[in-house]
Every structure is written in C-alpha cells, then in structure tokens.
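Please treat every number below as a calculation from the coordinates, not as lab data. Because the structure is predicted, anything quoted here is derived from the model rather than measured. Quick reminder, even Gly has a Cβ in these numbers, built from the backbone with ideal geometry, and neighbours come from all protein chains shown.
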Amino acid sequence: MPSPLARCPLNLILFDKVVEKAILPDDDPRATHVREVLRLKVGDAFEVAVANGPRGKATLLENCSKGMSLGFAWEQAVRNDLFPIRLLLGLPRPQTARKILEQAAALGAGAIDFFGADKGEPSYANSKLWTTDEWKRHLTRGVEQAFCSFIPVVRHWRNLEAVLDDLSQSDERLALDLYEADAPLSADAAIGKESVSLALGPESGWSPRERDLLREAEFTLLHLGDRVLRQETACLTALGVLAQPWW
C-alpha cells in the first residue's frame, strides 16, 4: 500500500543533510512520491531542501538495484523564514494536534508549545502521535507543502505555569478567550513587535485559575468574534492574522 506521503502532492522533498549524491531505497516514502506522484524519469529534476538548511534541486540519475540514485545541486543562501510567533496550546486531542502541527508548520510558526491544561485530558500525551516520531512527519509535511525548509520547534510542558516561566521578556503576549476578552485580535497587535507569544486553551477553554495566570503574566485577552471555533480553526486563523506584519 502506498504511504500517506506518496498520496499527498508536495512542493519539495526534505532531506537530512547536504550531500552531492544519494540513493533512496525503493521503499522510502520519498522514492514512492517521486515515482508514483511526480512520475519522474531519469534526467528529470525536482525541488528539494535540507531540514533547517538550503533548498536545491535533485536530479534522478538512474534506477539501480539499491533504489533511486539522485544527484543534488544546492543553493548557497539560507534564510530562516519562520515567523517569530510562539504558539502556546493546551494539549489537544491527537487528531486536532495532527492538523495543527502540519498547518502551523506550513504557515510558518516559529515554535509550538503544548502544555497540560486544567480542563484538558492528560491521556492525550500518551497517544502514539507523541510516543513515536509521527508528530515529526506532520511537521515535515507542512514544511514541504509550503516550499520551505525550516521546521518549527515543538516542546511539551507540564502545565501553563511552566511554559509561562520560559517566555522571553520581549514577547508581545496575547491569549484567545471567547468569554472574557474585550477586543478582537488584529494584525496591529504584532506590528513593530520583536516577537509574539499567542496562548490558546484546549477546546473546553481556560479555567479561572489559568486566566488569572495569564493576566498576571501580562497577557492581553482577545477574541476572534462570537463564533465558537475548534481549537485548530482558532489557532490557524490567529496565526494567519498575526503573521501579516512579517509577510
């Protein structure tokens, strides 16, 4: 059965390091993608990048007994194109986390921090998403879709207090809250700021204790209107709004 990667058209394919030549085994999902989705022949080229490094082009040199032989030509310029936006998220259910990982990586979030929320479900942390490398694959897919190479940092924290203690003093601090926010989120909140930390609770929302912690940490509570949104919808909408000053 083809891998999920093979069924998903990508704009570039990531590799681990800069090399001049490499052989992709036939059972490597990247080889499957080149063969079954891109349908490339010997002599054809496709877009590649090194994770957190340069982009370039790979040329299919030959199909040999060991797999797919590739030659690489790399660009010299490397620019980190992630936005200085740090997402602080109450740990969501695994299917929600998968969507956020892929799409936040595609949109260019600089970091994604998950924390155990008062109203969250602790068992979500034991999902195979987190106990295996599956979470890394979702990040990679988002970056490849965006035609980029830099991958957001992902961290986990025991609770909201722990992640708040780790914040930079220079961050603009914002939190989404449907019930106690006084103003809507807008791109103006990020204009002229060095970096932004955006906090979102789990789908069940913030506890009163967590709201107190956010206010004590000088977070401004903002909203996205009157509609009740899923966590991934609110997260990605807010990320798109805040990223505008860096576009």
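Remarks
- Extension gain, ASP188 to ALA162, is 6.6 nm, computed as 0.36 nm per intervening residue step minus the present C-alpha separation.
- Residue with peak Gaussian network fluctuation, the chain [Cα springs, cutoff 10 Å], from LEU164, LEU221, LEU101: LEU164
- Short-range pairs are left out: with C-alpha atoms under 8 Å and at least six residues apart, the relative contact order of region 162-247 is 43 percent.
- Helix axis angle, 231-243 relative to the chain longest principal axis, alpha carbon, degrees: 80
- Couplings 3J(HN,Hα) of region 204-216, computed from phi: 7, x, 7, 8, x, 4, 5, 4, 4, 4, 5, 5, 5 Hz, in residue order, whole Hz [Karplus 6.51 cos²θ - 1.76 cosθ + 1.60, θ = phi - 60°; x for Gly and Pro].
- Evaluating 6.51 cos²θ - 1.76 cosθ + 1.60 at θ = phi - 60° for every residue in region 50-66, the Karplus couplings come out as 9, 3, 6, x, x, 9, x, 10, 10, 10, 6, 7, 6, 9, 10, 5, 8 Hz, glycine and proline recorded as x.
- Distance from region 194-242 to region 36-67 (C-alpha centre basis), Å: 41
- Helix axis angle, 94-107 relative to the chain longest principal axis, alpha carbon, degrees: 70
- The chain - convex hull of the alpha-carbon atoms, volume per residue in Å³: 133
- Karplus-based coupling profile of region 121-137, in residue order and whole Hz: 10, x, 5, 4, 5, 8, 5, 4, 4, 9, 7, 10, 8, 4, 4, 5, 5, with θ = phi - 60° in 6.51 cos²θ - 1.76 cosθ + 1.60 and x standing for Gly or Pro.
- Sites VAL18 and ASP226, calculated FRET efficiency, Cβ-Cβ separation with R0 35 Å, nearest 0.05: 0.10
- Ordering of 49-59, 15-25 by packing is 49-59, 15-25, highest average first (other Cβ atoms within 10 Å, averaged per residue).
- Once backbone amide H atoms are built at 1.01 Å from N, PHE147 has ASN11, LEU12 as its partners under 5 Å, excluding neighbours fewer than 5 places away on the same chain.
- Proximity of backbone amide H atoms, modeled 1.01 Å from N, is registered between ALA199 and LEU88, LEU174, ALA175, LEU176 at under 5 Å, excluding neighbours fewer than 5 places apart on the same chain.
- Shape summary: region 4-74 maps onto an equivalent ellipsoid whose semi-axes, from the alpha-carbon gyration tensor, are 17, 15, 11 Å in decreasing order.
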